[in-house]
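Contents: one structure, followed by commentary.
The values are calculated or read from the model by the stated rules, or taken from the named source; none is laboratory data. Predicted model only: the values in this text are computed from it and were never measured. Glycine also receives a Cβ, built like all others from the backbone with ideal geometry; neighbour counts cover every protein chain displayed. Protein only, heavy atoms only, side chains kept; ligands, DNA and RNA dropped before computing areas. Shrake-Rupley method; radii C 1.70, N 1.55, O 1.52, S 1.80 Å.
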Amino acid sequence: MIDNFTIKFYSQELSEKYLKSTGNYTQSSWVWKGENDKEKETKYPLRKKVNNIELRVTEQNSVLGNSIHKYFNINMYGEEKGNHNHNDFSYCGILEALEQLKQDFKGLNLNEGYLQSLEFGFNLLVDKEPKYYLNHNFLLFEHKAPAINKATNAMNYRKFEHNNIAWKVYDKKTQYGLENNLLRVEIVLGSRELKRLGIQTLNDLKNRENILLLFSRFMEFFKGFTIVDNRFNRKDLSPEFVSDLGNRLEPSYWKNKRGKSNLVRDKMKLKEMIKQSNLNTTEIYFTELIRDKFNELFYDCDVVRQVA
DNA sequence: CTTGGACTCAATGGCCCTTA
DNA sequence: TAAGGGCCATTGAGTCCAAG
């Protein structure tokens, strides 16, 4: 559910004091300061890693972050077996990981800073080869082409950017050489968006309401995708319709419309065309998969927790 | 019923700074 | 030197209304 995060601390000084007092940090090469290269200065950045979570202190800033999902897995299954995020990460897992993190960085107040970014997403077990959906269904987000679109044997990955958020949709099957058709869909929320949601610290993630809030924003943003079934598989559709639809699925069509009047109606028209011709089954399929997965990770884990 | 203009406010992109 | 925030001025999305 929760994955990568970055916290920027308000005080670089406190972070540096913490490092110096607890040790076990690394320092990079030497830096020379001054005109005549005489004085050696303390080398930044200073780094301290616990599993995969790293605290990095530079001359002016200090940040802590990485995948809390992997961190949980490493704690649970060890360095070798746990160094991945292709299993499920439940709400209860999040709570445990946050508690462990607090222990591992005892002496550093993790809440004296704010979240610069936070990833929220799901690993979905899908019917077809994961890359099929990337190539044929996840076409546009907010009517824009993906900013990154990798399609190789080793990696199939699309990243869509918009405002202060981004979507990452990738094929975990090829990435990790898995047996299962695993597709990961995750949203990256930037600081502006997190501020809007009132989610500023790791502490805020312990709150059930906030997890529900994150999920509802996830689903809201998900609607911004243009996910359409493969129109070429539909012999019942007229070639004219398929061409017209294809035109509207092309990013430059929308670039051309920028700033024009009644853009909203045009966007509605595309949505209608997809819906009316029943080309929205993939979108519905994913919406339901995501809902089910969230319910499982959020609510079922609570039942387990109460029983345990 | 469709198209275009005006208005308002949030999104966008550019600039600047930090970091690697 | 390039990439990634943060901040801020400008642009454009969205809504309403009027005209064709």
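Brief remarks on what is shown
- Residue within the range A:18-35 that is surrounded by 12 or more Cβ atoms within 10 Å (Cβ to Cβ), at pLDDT 90 or above and more than 26 Å from the chain's Cα centre (by Cα) present: yes
- When the range A:265-279 is filtered for residues that are touching a helix residue (DSSP H, G or I) at 6+ places or on another chain (Cβ under 9 Å) and either within 15 Å of DNA strand B (Cβ to nearest atom) or small (Gly, Ala, Ser) (or both), the ones remaining, listed by number, are A:266, A:267, A:269, A:270, A:273, A:277.
- Options A:119, A:79: the member that is within 16 Å of DNA strand C (Cβ to nearest atom) and either surrounded by fewer than 16 Cβ atoms within 10 Å (Cβ to Cβ) or under 30 Å from residue A:13 (Cβ atoms) (or both): A:119
- Out of A:122, A:141, one residue alone is away from DNA strand B (no atom under 16 Å from the Cβ) and in contact (Cβ under 8 Å) with a residue 24 or more places away in the chain. It is A:122.
- Odd one out for residue A:240, checked against (1) open to solvent by 70 Å² or more (accessible area, probe 1.4 Å); (2) closer than 18 Å to residue A:139 by Cβ: (2)
- Set side by side, the residues A:267, A:260 differ, and just one is among the basic types (Lys, Arg), part of a loop (DSSP other than H, G, I, E, B) and within 12 Å of DNA strand C (Cβ to nearest atom), which is A:260.
- Residue match in the range A:157-167 (condition: within 13 Å of the chain's Cα centre (by Cα) and either assigned to a loop (DSSP other than H, G, I, E, B) or on the phi > 0 side of the Ramachandran plot (or both)): yes
- Matching entry among A:217, A:192, A:208, A:248 (being open to solvent by less than 60 Å² (accessible area, probe 1.4 Å) and either under 30 Å from residue A:93 (Cβ atoms) or more than 14 Å from DNA strand B (Cβ to nearest atom) (or both)): A:248
- Selection of the range A:280-294 for residues being open to solvent by 40 Å² or more (accessible area, probe 1.4 Å) and either touching a helix residue (DSSP H, G or I) at 6+ places or on another chain (Cβ under 9 Å) or modelled with pLDDT under 95 (or both) yields A:283, A:291.
- Every pair of residues 6+ apart whose Cβ atoms lie under 7 Å, when the first sits in the range A:20-33 and is of a type in the set (Val, Ile, Thr) while the second is at pLDDT 80 or above: A:22/A:107; A:26/A:47
- Hits in the range A:122-142 (condition: open to solvent by 30 Å² or more (accessible area, probe 1.4 Å) and not acidic (Asp, Glu)): A:125, A:128, A:131, A:132, A:135, A:136, A:139
- Meets criteria (more than 16 Å from DNA strand B (Cβ to nearest atom), at pLDDT 90 or above and over 23 Å from residue A:3 (Cβ atoms)) for residue A:230: yes
- Cβ-Cβ contacts under 9 Å between residues 6 or more apart (or on different chains), taken from a first residue in the range A:1-16 that is free of Cβ contacts under 8 Å to residues at least 12 places away in the same chain to a second residue that is outside any strand (DSSP E or B) and crowded, with 22+ Cβ neighbours inside 10 Å, are absent.
- Residues (among the charged types (D, E, K, R), over 18 Å from residue A:106 (Cβ atoms), modelled with pLDDT of 90 or more and not in a helix (DSSP H, G or I)) located in the range A:48-80: A:56
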